[in-house]
1. Mind checking which residues of segment 194-213 are buried (at least 21 other Cβ atoms within 10 Å of the Cβ) and part of a helix (DSSP H, G or I)?
2. Within segment 1-51, can you find the residues that are out of contact with any strand residue (DSSP E or B) (no Cβ under 8 Å at 6 or more places or on another chain) and either in a helix (DSSP H, G or I) or within 12 Å of ligand 2 (Cβ to nearest atom) (or both)?
3. The conditions are (1) away from ligand 2 (no atom under 16 Å from the Cβ); (2) surrounded by fewer than 21 Cβ atoms within 10 Å (Cβ to Cβ), and residue 190 fails exactly one of them. Which is it?
4. Every residue in segment 56-68 that is surrounded by fewer than 21 Cβ atoms within 10 Å (Cβ to Cβ) and within 16 Å of ligand 2 (Cβ to nearest atom), please.
5. Would you pick out the residues in segment 165-193 that are in a helix (DSSP H, G or I) and within 16 Å of ligand 1 (Cβ to nearest atom)?
6. Which condition does residue 187 not pass, out of (1) without any contact (Cβ under 8 Å) to a residue 40 or more places away in the chain; (2) within 14 Å of the chain's Cα centre (by Cα), if it passes all the others?
7. Name every residue in segment 194-207 that is more than 17 Å from the chain's Cα centre (by Cα) and more than 12 Å from ligand 1 (Cβ to nearest atom), in order of residue number.
8. What's the number of the condition residue 117 fails, among (1) in contact (Cβ under 8 Å) with a residue 12 or more places away in the chain; (2) surrounded by fewer than 22 Cβ atoms within 10 Å (Cβ to Cβ)?
Ligand code: DX5
Ligand code: ZN
């Protein structure tokens, strides 16, 4: 399945497992799925690119078996190249990498795609969208970080809506947004052109079924107005 390719114009929601109960991941994902989630956002952190440390390919493999939803790995690590084969083997559907730490981005994206997965680039808040200008032919989606990567529950950076707008002038690729996404901020990002709404704390602070649905519906209403 090609999640990003088959999105068309649809607004989709993805729970970030970072704010879920890691001892009950499959159940936590199912609760968000019941609220309309179509993708699982799997945050990988290495204590080097970001201060935090999370989970790796072994957990991704278990989760990929336990959920019917595609698993999207967001690699917030210094050395993504050496991890890509293990995430491919784990059965994730897509992988996004942070170009800030990659020397041979064309090669990295090709490694993801050649394995049959969709490839994405995630941009830190101050990374200009122009760094992606020559990557679009090798990309399936762009992830705009609307917080500094590393932690859930941080405040949304409103200028990132302008980055989404700029990207939409540059490419038709689907834009995913991640960081501080709530019922209130999702519409700002959808109006700017975002299609995939990742939310962690906003989903798991309450009932994930209800909260996921609220975010997706707020996004879809905004898309209807746009
Ligand atoms: C941050 C992660 C996010 C995080 C978002 O580095 O990439 O996916 O879970 O959390 P919230 O939605 O709480 O900002
Ligand atoms: Zn993320």
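1. Of everything in segment 194-213, those that are buried (at least 21 other Cβ atoms within 10 Å of the Cβ) and part of a helix (DSSP H, G or I) turn out to be 202, 203, 204, 208, 211, 212.
2. 19, 22, 23, 24, 25, 26, 27, 30, 31, 33, 34
3. (2)
4. Selection gives 56, 59.
5. Matches in segment 165-193: 186, 187, 188, 189, 190.
6. (2)
7. Matches in segment 194-207: 206, 207.
8. (2)
Bear in mind these aren't lab numbers, they're just calculated from the coordinates by the rules spelled out. If you're wondering where the values come from, they're calculated on a predicted model, not measured in any experiment. Cβ coordinates were reconstructed from backbone atoms using ideal geometry, including for glycine residues, and neighbour counts include every protein chain displayed.
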